[in-house]
Structure formats: C-alpha cells, structure tokens
Amino acid sequence: MKTDLHTVSNTDNPSWAAIVGNPNCGKTALFNRLTGLHHKVGNYPGITVEKKSGRIRNSRIVLRDLPGTYSLSSKSVDEKIVSDMVQSWREPKNRPRAVIVVVDATNLIRNTYLALQILDWNIPTIIVLNMIDEARKKHISIDADELKKRTKAWAVIPASAKYGEGIKEIIETLEQIPDNVRLPKMEPRLVEIEHCTENIAPLEQFLEPKKDVLNHHPRIEALRLLSDDGYINYLTKYFTAAELEQLLSKVTEVKTALKKNHIPYRSLEQSSRFAYIDLYLGDVFKKDPISRRSMSEKADAILTHPVFGPIALLLVLGFIFNAIFSWAQFPMDLIQSGIDWTSAQAGAILPDGILKSLLTEGIIGGAGTILIFFPQIIILIFFLSLLEDSGYMARMAFMMDKLMSKIGLNGRSVLPLLSGFACAIPAVMSARTIENRRDRFVTIMLIPLMSCSARLPVYTILIAAFVPAGYIFGFMPMQAAVLMGIYFLGMFTAIFAALIFKKFYPSKSVQTMLMELPPYRMPLARSLWWQIYDKGKSFLTTAGSIILAISIVLWFLASYPRQAGDQQHTSRERIEYSYAGQLGHFIEPVVQPLGFDWKIGVGLITSFAAREVMVSTLSTLYNLENDSGQSQSLIQAMRKDRYPDGRKVFTPLSVLSLMVFFVFAAQCMATFAVIKKETNSWRWPLLMTGYMTILAYVSCLLVYQGGQLLGFI
C-alpha cells in the first residue's frame, strides 16, 4: 500500500485486531472461520452481545469480535460495548493493529456507514465484502479496487464466510500490516451540509487545539456532541473543569443556532455520511436493474401474512412439540435400558452397603435419570437453532411487534423471550440489544416465564406418566398438545404480566422498532452442529455437575440418620425418618394445599438450584423407598405411589398443579445471578423471585382447590 506510514514503539500493545460490523452481516461467522472457534451465529440481528476473542489460525494475532452495531453512536447496551471500545482507541496503547469491518455485500449502502466511521480513526482498516456469493446471485457487482481507492482503506476483500472464500487473503493481509502502524491523519469522510458549516464552526474551532490529544477530527467530535448528549463523557478526561464548562456552553450555543435555522442537528452526521456515500461511492456498487421478486419475498407473502402467518406459526410449533415426543422416544428407551443395565451390573458386583446404595440409588438412579431426557432437550435446541439460522425467528418478531406494542414493549423483546425457551441466561443477556432501559428491564422480568429446556424433563415425565398417548381431533397427538399448552401458558402469562408492568411502570416515550428482515437462508450444518454440541455439552457438564452433587447430598439426607433396629423398618419408614423426610414433612403443610406430598416438597426445594433437579430428586427418593428388590422406572414409581390411606399421590389434578408450578416458579439460581449482573441491582432479581413465587403458589392453589370444588380428582 503506497502511503506515508510511520511506526511507534509500544511494547505494551498486544498484537490484536478488532472485527466489527452491522448486526446480521455474518461477522461472527467470519470470526469463526478466521479463528477456528465456533461462537454462536444466527440469521437474526443481535446475536453477539458481548466481546469474544480468539487467536487467528496459525498466527500470533488475536481477533476480538464485538457486538453488531449500525453506528458508533450507541443506543443500546450492546452498541455501547462497541462505542466504549472504539473510544478507548484515543490512547495509543489501546489501539489495535488493524480493524476488520465486515459489510453485507448485498446491502452496501447501509453497511458502509459504519465502515466510514471506523476509517476516520486512521487505523489500518480492512473492509470485508461478506456474502459476496449472495451478491453475485442477485447480480450485484462491486469494484473492490475502486472502493479501496476512494475510501483509502488498507484493503477491500470480497469474501464468503459460508464457503470460506477470501479467508486466506484476510489472514495474509493482517500479517502484512506492520506492528503499531500509525496512518497519516486524513479529513473525515463527510459531505458538508448546506447552511450548517458556519453554525458548527464555533464548536469545531473550540475543539481544534485538542485535536492531537483527542486523536479524532474536531468536526466529527462536534457532530457527535450535537447528536448524543452522553458523548461528552468520552471527552471529560481531556479537558479541565473550566474548559468543560466552555465546551458545554458552545454545544448549547450551536444547538440554538441550528434550531433557529430549522436544521435537525441530531441527524447531521447521518445526513453527511450518506451524502458522502451517494456522492463518492454510489457508482462503485452496481445492481441488475431488472426487478425480480426474491424467494424470501414470495415466502413472506404467506409466512408474514396477517391471517396465514399465525396459522403457519402454530403449525410449526405443533410439529416441534410433537417431534419432542415422537422422535425422542427410541433414544430415550435406549438410554433407560442402559441405565437399568448399569445399575443392575453395579448392584451385582458390589456387596450390600453404603457404597452400593450411593452408586445405584443415588448416582445412577438419581443423576442418571436426567440423561433419559437428553434427546428431548437436543431436539428442542435443534429446532430453535433451525428457526434462528433460517431467518424465520426474525419473522416471528415482526409478526409479534404489533402485539408487543399493545403490552408496552416492541418487537425487539421477541428474540430474548423466544431464546428463553432454550435457556434464560443467554436470553437475559441478549436483552442488551433493546435500546430503551425500561423495555429491557421489563423483558428481563418476563424471560423466566418462558419454559426453558431445563423444565422440559419435568413436563415430559409428568406428561408421559399421566397423559394418554391418544389424538385430539384425530390428528394432534394429545401429549404434544398438552406440552404446547404448557408453553403457551407461560407466553400468555408473560403478556398479562407485561400489561401489569405497563400500568405500574409505564414507558415515558413511544418506541418504534425498525428491523431489517434477513433473507431466508439454508442453515449451515456446521453452525447447527456446534450450537447443538455447545448447548448439549453445557447441559451435561454444568447442569449435570449440579445434579450429580445434589443427588449425592440428597442420598445422604435421605439415608441418615438411621434408627435403632433399622433393618426392622420398611424402606418407606426409614426414608421418612431421615433428614430429607423430616424436612419434607416440615414443609408438607405448605405444599399440601397445592396437591403435593412431602417428596414433591423436597423436590421443589432442590430444584431451586436447577429446575431439572426435580426429576433426579424424585428418582433418588423413590429408589431409596423401593422395597421390592426389582428396579423400576420413575414413571412406574410415580404411578404406584400412594398416601398411607391409599389415595394416589399423583392424580390428574395434582399433576396439572405441579406443571403449573414449574411454569411460573423462579427456580434457577443462575438466572437470579445473571439478572443481578445485567441490571446492576438486587431490586430486579428479588422482584422476579418474589412475583413469580407468589404467582406460582396462588395459581397452583386455585388449580388444585378449584378443581376439587368442581369435582375433579
């Protein structure tokens, strides 16, 4: 590259590069290609919500993946992460060796805006024209050499993260950039807006003496100060108190002058940037003038139709819930057989005693039981990933935006809420994409009402044990219908709760969602595999370790203390005398009005650590209570369980009550912790725990007691 360069000596500056881009431009997919990692990607804006790092393949350079953003003027938490990082580049020690700006080659005009803002920092910038394969299909031609010449970028590289095109060139270009390169300062890529220059001049002139200290052009600083009231926080350390007072006075003076001339000062930078794109870069992008309806547009005519769209959505969800039962049955039976065989072998090898009981009844019988439901969790994760990667998740947000606006939210809340079906923790974090603080916090409060995959084992064990495998209307499997109904109960309750929040915590302004619908894309098998692998591994390691630990503790609590003449008592008598039995009977008066016995009460306590622990808790207790000498499944044990007077412990009414409890109860300490972190306050996680616990108890009380009054059992 022919340009006047000089290097600065800075041994503290690590060899790293930043990768930035608009939401849904394929930035994280490109990051994965360059580093060999497999961070989550998806065909939906706002997937990356935190900084991620990885070393580039066969290179010493570390690449930092930042959240997607449309500009450096932050409006949401994830965009502020990018803004804060870029603003730190004022200090030489914080500057990267290079910046990779990923742009969607099919939508260059919008994506180039961010690229121009990055270029103005005078750091070697590589513009990557991602999705170049799709651009060719749409007959879009881009003169990469001319774009490089006009923008003064270090390089412009056509690429496809999907097929690996351009990856080698990007790595080679990064390697060729000298350490600590400092480009000559250039004029900002802006077009002067008529009648604005003379009004902005006083502010720009005031900032001029600080040009070298701020390491940014005074005109850009002036425009940002006018458009963003919080931008001055980035500049305070470079001014004295007296200078800051003068600066604020100048900003007010310029705003007043612009208002007087009816000039919208908050959008001056946008107008100037897009004018630059139109004037200097417009002819670099060429598109086939023949207008054709794309496949996405044809599909959306049905899938986002006011009538057919919701019908299609219900059919999709019905298919998914049916698949969770029907597709998982064979592997679940296989795992059940494996657990029974393992338990039998361990029982045959080990002599009677504490170790045998711990292994067969506590570890294998308790923690092992949860593995039976692993196939259902994997199927749920697969379908959620499929909806996201294909682009259909964005359509769901689009269709629900009108409903969201009526309950005081907007369509941006849909992705975090739907993500809650997989796991509440990343769902809470993804709420960072919501610009309005009030909407973000309310969305976070609603996410735990979405039935996550951790609750799936509880639902399925109850449905499989007590809901017959028949059909409704001759085509809809009854078990799938009940499961779908449970999920919809959480969704409808979230809508009701949002209305309550709207009344007592109203929004101070009307929020309008502007959202680009990505084209439908065939999900990459590689992306689907890594999403399933990562979440499945997380379940087995993170949740599995919790379940194992609690199963061991519970086995001890259910086995001790021992009574005098212990062998003369039945297993049921021994477990009721144990610490677990005493605890269960202590809380039984509280849970009995809900239709629960003491064992369910113990399960409710242990499941506060992780919801799926409920299943392993019941399995451990029933295994220890089993006097028959023959192994039995948890389903069989639950069906046979009786109170001392002969009444069934699990009736249709008590089962319904228990499922309702798990829909509403805030039983996940990890979710509590992440809400504390995201809101930076104890108020919100305590509010969540309080309102959901009360909601769960009152709802179950109404279901069980109301059902009994109506003659149900």
Select from region 147-199 the residues that are open to solvent by 70 Å² or more (accessible area, probe 1.4 Å) and free of Cβ contacts under 8 Å to residues at least 24 places away in the same chain and list them in ascending order.
-> LYS148, LYS149, LYS168, GLU169, GLU172, GLN176, GLU194, GLU198
The condition of being out of contact with any helix residue (DSSP H, G or I) (no Cβ under 9 Å at 6 or more places or on another chain) and either in contact (Cβ under 8 Å) with a residue 60 or more places away in the chain or open to solvent by 40 Å² or more (accessible area, probe 1.4 Å) (or both) holds, among ASN130, ASN111, only for ASN111
Can you tell me which residues in region 466-500 are open to solvent by 30 Å² or more (accessible area, probe 1.4 Å) and under 22 Å from MET450 (Cβ atoms)?
-> GLN479, VAL482, MET484, GLY485, PHE488, LEU489, MET491, PHE492, ILE495, PHE496, LEU499, ILE500
Within region 61-80, which residues are of a type in the set (Val, Ile, Thr) and either in a loop (DSSP other than H, G, I, E, B) or touching a residue at least 60 places away in the same chain (Cβ under 8 Å) (or both)?
-> ILE61, THR69, VAL77
Of the residues ALA348, ALA299, ALA312, which single one is within 30 Å of LEU517 (Cβ to Cβ), without any contact (Cβ under 8 Å) to a residue 24 or more places away in the chain and either in contact with a Pro (Cβ under 9 Å, 6 or more places away or on another chain) or not in a loop (DSSP other than H, G, I, E, B) (or both)?
-> ALA312
Scan the helices (runs of 4 or more DSSP H) fully inside region 630-713 and keep the ones with 3 or more residues being polar (S, T, N, Q).
-> 683-709
Regarding ALA427, is this residue under 20 Å from THR679 (Cβ atoms) and assigned to a helix (DSSP H, G or I)?
-> yes
Within region 235-267, track down each residue that is hydrophobic (A, V, I, L, M, F, W, C) and either open to solvent by less than 80 Å² (accessible area, probe 1.4 Å) or within 17 Å of GLU208 (Cβ to Cβ) (or both).
-> LEU235, PHE239, ALA242, LEU244, LEU247, VAL251, VAL254, ALA257, LEU258, ILE263
Scan ILE354, ILE378, ILE370 and give me the residue that is more than 22 Å from the chain's Cα centre (by Cα) and open to solvent by 20 Å² or more (accessible area, probe 1.4 Å).
-> ILE354
Run ASP534 past the list (1) assigned to a helix (DSSP H, G or I); (2) at pLDDT below 80; (3) among the acidic types (Asp, Glu) and report the number of the one that doesn't hold.
-> (2)
When only residues in region 84-107 that are touching a helix residue (DSSP H, G or I) at 6+ places or on another chain (Cβ under 8 Å) and over 12 Å from ALA18 (Cβ atoms) count, which is most open to solvent (accessible area, probe 1.4 Å)?
-> THR106
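The values are calculated or read from the model by the stated rules, or taken from the named source; none is laboratory data. In this text, all values refer to a predicted model and were calculated from it rather than measured experimentally. We place every Cβ from the backbone using ideal geometry, glycine too, and count neighbours over all the protein chains shown. Note: accessible area is taken over every heavy atom of the protein model, side chains too, but ligands, DNA and RNA are not part of it. Shrake-Rupley method; radii C 1.70, N 1.55, O 1.52, S 1.80 Å.
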